[in-house]
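The values are calculated or read from the model by the stated rules, or taken from the named source; none is laboratory data. On a predicted model such as this, the values are computed, not experimentally measured, just so you know. Cβ placement follows ideal geometry from the backbone for every residue including glycine, while neighbour counts extend to all protein chains displayed.
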Amino acid sequence: MSPHGAVSGVSFETDEETSLVLSSLDEFIEQEVKPLEADLGERWSNPRKRHEDDGRFVPDVLEAIETVRKKSAEAGFYAMNLPPEVGGDGVSNVTWYRAMRHVASNGPGLTEHVLAGPEGPKPLLAQAEGEQAERYLKPCVRGEKSTAFAQTEPGAGSDSPNMETTAEKDGDEWVLDGRKQWITNGPYADFVQVFARTTPQEELGRYGGITCFLVEDDEYEVSTLNNAVGMVGMQAELVFDAVRLPENRVLGTVDGAFYDAMEFLSLGRLEIGARALGHAEFLLDRGVEYAGDREAFGRPIGAFQGISHTLARGRARTFAADAAGLRLAWLLDRGEQAIEESSIVKYLATNVLFDVADGVVGVHGGNGVAEDNPFMNELQTARILRIVEGTDEIQLNTIAKELGVR
Ligand SMILES: Cc1cc2nc3c(=O)[nH]c(=O)nc-3n(C[C@H](O)[C@H](O)[C@H](O)COP(=O)(O)OP(=O)(O)OC[C@H]3O[C@@H](n4cnc5c(N)ncnc54)[C@H](O)[C@@H]3O)c2cc1C
């Protein structure tokens with residue numbers, strides 16, 4: 001018996017509780033999500049009709065996303081990984097990983113809003129206490145409010161501790177000044193978790209001196225959308241112009257936000273890995289189907305080794321990355337930080353998705369790039385996933401450092 005719990009080794013078996021979660025999610029998607037997509041019709045399926053001129057989602061689409069979120073929360077799925085005290089169900093990281101991967105295997109669509117993503121309550125926000133929990137955290141867990149995590153700036157992304165956004169104490173209040181960009185859900189959030197420097201690096205070091213503030217949507221300006229190819233309408237630049245905030249808007253500890261966030265970094269990377277591998281599974285299924293149906297030179301294209309090996313390679317790499325993802329989830333359940341493993345999983349899974357998406361575009365030939373097929377969109381999403389929450393290069397830096405490379 002392990003000192004950490006009942007299981008002394010990793011089990012790849014899907015336990016009974018998780019199996020039930022996965023089958024209930026399938027039912028939920030069938031009964032609640034698919035009909036919403038069908039109702040939206042072309043406003044969902046045609047990307048050009050999904051957005052306003054500036055890239056924002058049209059009101060019907062936004063409403064459908066909010067409905068999915070709320071219904072999923074009511075059904076107990078949306079933030080089921082958070083502790084019961086704040087309205088979650090306290091499921092393990094292994095179950096959360098499997099659920100995220102399972103839902104993502106539906107491919108792109110409204111299903112992507114069933115489980116809490118960057119707009120939802122994350123462990124960083126779960127630090128909210130008392131009134132903060134009532135006003136910000138719990139409505140988020142119920143899917144009634146959405147949030148965003150604002151760290152990146154025009155001048156600092158990978159090197160985020162060098163941020164220029166500051167907050168200074170003036171009497172009882174903090175005064176927040178700065179500009180953030182690429183903030184997911186920025187155009188729609190009810191409030192944002194903003195990282196700002198509160199004590200200079202010279203005094204508290206590179207990672208000290210940063211504080212997280214809860215800032216409401218009428219306190220900042222959404223200046224422009226940062227429309228990413230393949231993810232239009234989701235990110236924005238936010239401007240904080242001498243925003244006055246009372247002390248109770250500090251989330252977590254003053255000067256300690258970077259360390260707080262680092263504790264939850266690995267979970268974010270696990271979630272991206274799960275999502276990437278679910279999408280890879282979706283694409284492989286579509287590729288296998290097409291390879292059997294499409295004929296060229298008098299036979300199904302799957303009979304050509306160039307096609308079958310593309311799919312087989314994708315399957316092999318997805319299988320391996322999934323095993324790594326499960327191992328990471330297991331380590332996190334044991335309370336380990338798993339810094340190296342989370343970088344490995346994030347790097348591997350997103351690169352597997354990128355290669356699988358590229359391969360499946362190829363399997364579909366001209367149809368692979370057709371606007372009404374999801375394959376190019378998946379390829380673009382895969383490239384984006386290799387950038388967010390630490391680029392490929394940053395993950396490799398971490399792995400190299402953990403390896404002891406100097
Ligand atoms: C679609 C999308 C959604 C996003 N959502 C959010 C969000 O919700 N909240 C948020 O705060 N941010 C968000 N981001 C920002 C994202 O986290 C940053 O884009 C990312 O961290 C990279 O920062 P950067 O764009 O400034 O690139 P840079 O840091 O300028 O990097 C440019 C290039 O240099 C490389 N590089 C930089 N430093 C090193 C190094 N030390 N070693 C090797 N190579 C290096 C990078 O890997 C990259 O290839 C989002 C970005 C996108 C595209």
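Values computed for the structure shown
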| read-out | value |
| --- | --- |
| Pick from segment 197-217, criterion away from the ligand (no atom under 12 Å from the Cβ) and part of a strand (DSSP E or B), ranking: farthest from the chain's Cα centre (by Cα) | Arg197 |
| Among the residues listed as Pro59, Pro118, Pro83, the single one being surrounded by fewer than 17 Cβ atoms within 10 Å (Cβ to Cβ) and either in contact with a Pro (Cβ under 7 Å, 6 or more places away or on another chain) or touching a residue at least 12 places away in the same chain (Cβ under 8 Å) (or both) | Pro83 |
| Scan of segment 148-161 for residues that are in contact with a helix residue (DSSP H, G or I) (Cβ under 9 Å, 6 or more places away or on another chain) and near the ligand (Cβ under 10 Å from one of its atoms), ordered by number | Phe149, Gln151, Thr152, Glu153, Gly155, Ala156, Ser158, Ser160 |
| Selection from segment 166-182 of residues that are within 11 Å of the ligand (Cβ to nearest atom) and not charged (D, E, K, R) | Gln181, Trp182 |
| Output for segment 151-166, where each listed residue is outside any loop (DSSP other than H, G, I, E, B) and farther than 13 Å from Val194 by Cβ | Ala156, Pro161, Asn162 |
| Filter result for Leu176 (surrounded by 16 or more Cβ atoms within 10 Å (Cβ to Cβ), within 19 Å of Ala126 (Cβ to Cβ) and modelled with pLDDT of 95 or more) | no |
| Gly120 vs. criteria more than 28 Å from Gly256 (Cα to Cα) and either modelled with pLDDT under 95 or assigned to a loop (DSSP other than H, G, I, E, B) (or both) | no |
| From Glu17, Glu32, Glu37, Glu66, residue being in contact (Cβ under 8 Å) with a residue 24 or more places away in the chain, outside any loop (DSSP other than H, G, I, E, B) and either touching a His at 6+ places or on another chain (Cβ under 6 Å) or loosely packed, with under 13 Cβ neighbours inside 10 Å (or both) | Glu17 |
| Any hit, segment 395-403, residues being of a type in the set (Gly, Ala, Ser), within 13 Å of the ligand (Cβ to nearest atom), in a helix (DSSP H, G or I) and surrounded by fewer than 19 Cβ atoms within 10 Å (Cβ to Cβ) | yes |
| Single residue of Arg406, Arg313, Arg386 found to be at pLDDT 95 or above, over 30 Å from Arg43 (Cα atoms) and not hydrophobic (A, V, I, L, M, F, W, C) | Arg313 |
| Test set (1) of a type outside the set (Asp, Glu); (2) touching a residue at least 40 places away in the same chain (Cβ under 8 Å); (3) within 16 Å of the ligand (Cβ to nearest atom) - Gly109 fails condition number | (3) |
| Single residue of segment 86-115 satisfying the filter (of a type in the set (A, V, I, L, M, F, W, C) and within 17 Å of Gly335 (Cβ to Cβ)) that is surrounded by the most Cβ atoms within 10 Å (Cβ to Cβ) | Trp96 |
| Failed item in (1) within 16 Å of the ligand (Cβ to nearest atom); (2) crowded, with 21+ Cβ neighbours inside 10 Å, with Val388 passing the rest | (2) |
| Residue in segment 154-167 that is of a type in the set (D, E, K, R) and touching a residue at least 40 places away in the same chain (Cβ under 8 Å) present | no |
